[in-house]
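The values are calculated or read from the model by the stated rules, or taken from the named source; none is laboratory data. As the structure is a prediction and not an experimental result, all values here were calculated from the model. Methodologically, a virtual Cβ is constructed for each residue, glycine included, from the backbone with ideal geometry; neighbour enumeration extends over all protein chains shown.
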Amino acid sequence: MDDEALVRVFKALGHENRYRLFVEIWREGSGSFAEGHVCFLNDVMERLNVGAPTVSHHLKELVAAGLISTEKQGKFLTCRVNPKALEALRVFFARA
């Protein structure tokens, strides 16, 4: 991941609501990510007590930064953390 991409990632995670949303999506999907486990956004919204318009806005920023991907499954929106973005962050902090 180049420096510009890292800046977008840190900018996205620099907002408290986006950070909390990202962490919840990560926790929800971390158990069996290799098996394609995804997080249902409705579950996250309930835990964070945040409305749909707010989540939608922050979700767009997380997607634009390459931190997560989303997919419609019926009437539900599912999310998953981008493992390449996590690896890029691990590499960045390992060299810091």
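Where residues in segment 50-63 are in a helix (DSSP H, G or I) and among the β-branched types (Val, Ile, Thr), which of them is surrounded by the most Cβ atoms within 10 Å (Cβ to Cβ)?
Residue satisfying both the conditions and the ranking: 55.
Scan segment 42-56 and tell me whether some residue there is among the acidic types (Asp, Glu) and under 26 Å from residue 7 (Cα atoms).
No, because not a single residue in segment 42-56 is among the acidic types (Asp, Glu) and under 26 Å from residue 7 (Cα atoms).
Just a yes or no: is a residue in segment 64-81 assigned to a helix (DSSP H, G or I) and modelled with pLDDT of 90 or more?
Scanning segment 64-81, I find at least one residue that is assigned to a helix (DSSP H, G or I) and modelled with pLDDT of 90 or more, so the answer is yes.
Just give me the residues in segment 68-84 being surrounded by 15 or more Cβ atoms within 10 Å (Cβ to Cβ) and touching a Lys or Arg at 6+ places or on another chain (Cβ under 9 Å), in sequence order.
Residues satisfying the conditions are 68, 70, 78.
With the requirement that a residue be in contact (Cβ under 8 Å) with a residue 24 or more places away in the chain and charged (D, E, K, R), what does segment 5-24 give you?
8, 11, 18, 20, 24
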